[in-house]
Each structure stands twice: as C-alpha cells, then as structure tokens.
Amino acid sequence: MAKSRGKVKKIPRVANNLRVSLDMQTTPWSVVIDESSGENVVRRSGNMQVIKWYLVGNAAAGSFVRHKWLGKPPRGTFGPFLIDECCRKRATMCDLYDADTKYGQWAYQLTIELAGNQYSSLAPKSLAGSPNITNN
C-alpha cells in the first residue's frame with residue numbers, strides 16, 4: 001500500500017452561474033439577474049463556493065461596474081466582488097457558507113455600463129424583489 005506523501009487533495013469548488021441581461025421594458029432600462037434555475041442558492045459547505053455573473057444577450061456588449069449589498073451580510077460570509085479585468089463581462093465572488101450565522105438571503109444591487117450609460121437592478125422598497133444570494 002502506497003503512503004501519502006503529504007499531498008492535499010483539492011476539493012472542487014461549486015460554481016453558481018448567474019446570467020445578467022437588460023430589461024428594456026422599464027424606463028430607464030434595468031439589469032435583470034436570471035435566478036430561475038436556483039443558481040443564486042448556495043448550500044452549506046465547509047468549502048469556499050464561487051458565484052459567477054456573466055453578461056449575456058442584450059447586455060453582452062456591456063461591462064460590470066459595481067455590486068452593492070442592500071443589507072449587511074455577516075462578516076466573513078462573502079469575499080469581494082471581482083470584475084474580470086480582461087473584458088469586464090464576467091464577475092465573481094466567493095461565498096464561505098460554513099456556519100449557521102451565515103444562513104439567510106442577502107439582497108444586492110448590480111450595475112453595468114452599456115454604450116456609455118449605466119443601468120442597475122431595481123431596488124424596490126421591499127427587498128423581496130431584489131436579486132439575492134441565498135445561503136440555504
């Protein structure tokens with residue numbers, strides 16, 4: 001039987017991929033994050049999980065500007081919102097949901113730029129309609 005030589009087996013990180021487009025039916029246009037497939041729901045794990053946002057469809061020619069929390073998640077739950085410096089069409093954030101104190105639904109606002117104009121996800125009076133990351 002071969003002995004382990006101190007190698008650490010890498011555990012794959014689960015990616016939660018969110019598609020970002022524009023709702024051109026609103027005035028001004030607004031950013032829409034497709035959460036229909038549950039990609040915004042992160043299951044508890046001892047491993048860091050990566051959330052990715054991609055500009056698609058009518059927003060594909062745009063670029064990410066910023067991410068803003070609409071409530072303050074517990075310290076140490078999420079890493080910074082990192083915009084891909086190469087083309088600014090992809091952004092990532094790490095979620096370390098490893099404790100009961102990090103359970104919950106965390107609403108945010110996302111802003112992109114397209115053709116010199118900035119557009120954001122709608123921030124209704126009730127956070128219930130805002131895009132969110134759900135640690136479940």
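Restricting attention to the range 28-39, and to residues there that are part of a loop (DSSP other than H, G, I, E, B) and over 16 Å from ARG90 (Cβ atoms), which single residue is modelled with the highest pLDDT?
This residue is TRP29.
Yes or no: ILE112 closer than 17 Å to ASP34 by Cβ and among the β-branched types (Val, Ile, Thr)?
yes
Answer yes or no as to whether LEU55 is surrounded by 17 or more Cβ atoms within 10 Å (Cβ to Cβ) and either in contact with a helix residue (DSSP H, G or I) (Cβ under 9 Å, 6 or more places away or on another chain) or aromatic (Phe, Trp, Tyr) (or both).
Judged against the criteria, LEU55 is not a match.
Take the range 1-27 and flag every residue that is surrounded by 10 or more Cβ atoms within 10 Å (Cβ to Cβ), out of contact with any Leu (no Cβ under 9 Å at 6 or more places or on another chain) and either at pLDDT below 90 or basic (Lys, Arg) (or both).
Correct list: ILE11, ARG13, VAL14, ALA15.
Looking at the range 89-112 only, could you name the residues that are among the aliphatic types (A, V, I, L, M), touching a Ser or Thr at 6+ places or on another chain (Cβ under 8 Å) and within 27 Å of GLY57 (Cα to Cα)?
Within the range 89-112, ALA107, LEU110, ILE112 qualify.
Collect the residues in the range 28-52 that are among the aliphatic types (A, V, I, L, M), more than 29 Å from ASP98 (Cα to Cα) and surrounded by fewer than 19 Cβ atoms within 10 Å (Cβ to Cβ), keeping them in residue-number order.
Within the range 28-52, none qualify.
Hey, which of the strands (runs of 3 or more DSSP E) in the range 41-136, taking only ones fully inside, have at least 1 residues that are within 13 Å of the chain's Cα centre (by Cα) and either over 18 Å from VAL20 (Cα atoms) or not basic (Lys, Arg) (or both)?
Result: 49-55, 63-69, 90-95, 104-114, 132-135.
Test TYR97 against the stated conditions and say whether it is in contact (Cβ under 8 Å) with a residue 24 or more places away in the chain and crowded, with 19+ Cβ neighbours inside 10 Å.
In short, yes.
Mind listing whichever residues of the range 69-100 are among the acidic types (Asp, Glu) and over 17 Å from ILE112 (Cβ atoms)?
Matches in the range 69-100: ASP95, ASP98, ASP100.
The values are calculated or read from the model by the stated rules, or taken from the named source; none is laboratory data. In this text the structure is predicted, and so the values were computed from the model without any measurement. When we count neighbours, we look across all protein chains shown, and the Cβ atoms used for this are built from the backbone with ideal geometry, even at glycine.
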